[in-house]
1. Across 10 Å bins from 0, what is the distribution of all Cα-Cα pair distances for the range 1-100, in whole percents?
2. Run the dipole for the range 43-103 about the Cα centre, Lys and Arg Cβ at +1, Asp and Glu Cβ at -1, nothing else charged, and hand back the magnitude in debye, nearest 20.
3. Would you work out the charge dipole size for the chain about its Cα centre, treating the Cβ of every Lys and Arg as +1 and the Cβ of every Asp and Glu as -1, and quote it to the nearest 20 debye?
4. Collect residues whose amide H, placed 1.01 Å from N in the peptide plane, falls under 5 Å from the amide H of Thr7; neighbours closer than 5 in sequence don't count.
5. What order, most packed first, do the peptides 38-49, 121-132 have when packing is the mean number of other Cβ atoms within 10 Å of each residue?
6. Where only protein heavy atoms count, and the probe is 1.4 Å, what is the accessible area per residue for the chain in Å²?
7. Give the lysines whose C-alpha is closer than 22 Å to that of Lys29, dropping any in the same chain fewer than 8 places away, or say none.
8. Only Cα pairs within less than 10 Å get springs; with that Gaussian network setup on the chain, which residue of Glu134, Glu152, Glu103 has the largest fluctuation?
Amino acid sequence: IKEILKTDFHDGLSKEEAFNRLKKYGLNKIKDFKPDSKLKIFLAQFQSPLIYILLFASLIFYITGDYKDSLIILFVLIFNATIGTFQESRAQNALLSLRRFIETKATVIRSSQEEIIDSSEVVLGDIILLKEGEKVPADARLIETKNLKIDESSLTGESIPIHKIEKIIE
């Protein structure tokens, strides 16, 4: 692993190498996006072949004078689009909340010294130091652990921290 990541497990990356990797790979964060407007989300609910068929059926009923069935179909389509808009808006809000939730600090070793940085600045090959209660700031491999227990409740639903086997990677 040392050779693949080109990292010294004791000294970490040099500050220059970390800067170069940050330029090459970019920030360690979820890409920014602009939430869609409620109107755009609502209109997107009608972009389905099945919806087109139902709209066509509603038009046929209207033309043939069966106004009641035409209005029922339109009402159901609008109700469905309203519910879909509500759910999609909540999902976008959850993603925005998640982005704010994961913005943390990380302790890394760079040029043989501990340094506290934004988790978005963690790069491939950084040696990350984790202490009790801290969040893991990036996808990482464990080099050394001592009595490691991880709260995986957000992933697995487990109510207690899971004990992990200690192992040193060379």
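The values are calculated or read from the model by the stated rules, or taken from the named source; none is laboratory data. Small disclaimer: the values here were computed from a predicted structure and weren't measured. Cβ sites come from the backbone with ideal geometry, for glycine too, and all protein chains shown count toward neighbours. When the accessible area is computed, the model is the full protein with side chains, heavy atoms only, and any ligands, DNA or RNA have been set aside. Shrake-Rupley method; radii C 1.70, N 1.55, O 1.52, S 1.80 Å.
1. Calculated P(r), rounded to whole percents: 13, 24, 17, 14, 13, 9, 7, 3, 0.
2. Here the range 43-103 has a charge dipole of around 240 debye.
3. For the chain, the charge dipole is close to 420 debye.
4. For Thr7, whose amide H was placed from the backbone, there are no distant partners under 5 Å.
5. 121-132, 38-49
6. Using a 1.4 Å probe on heavy atoms only, each residue of the chain averages 77 Å².
7. Lys15, Lys105, Lys131, Lys135
8. Result: Glu152 has the largest fluctuation of those listed.
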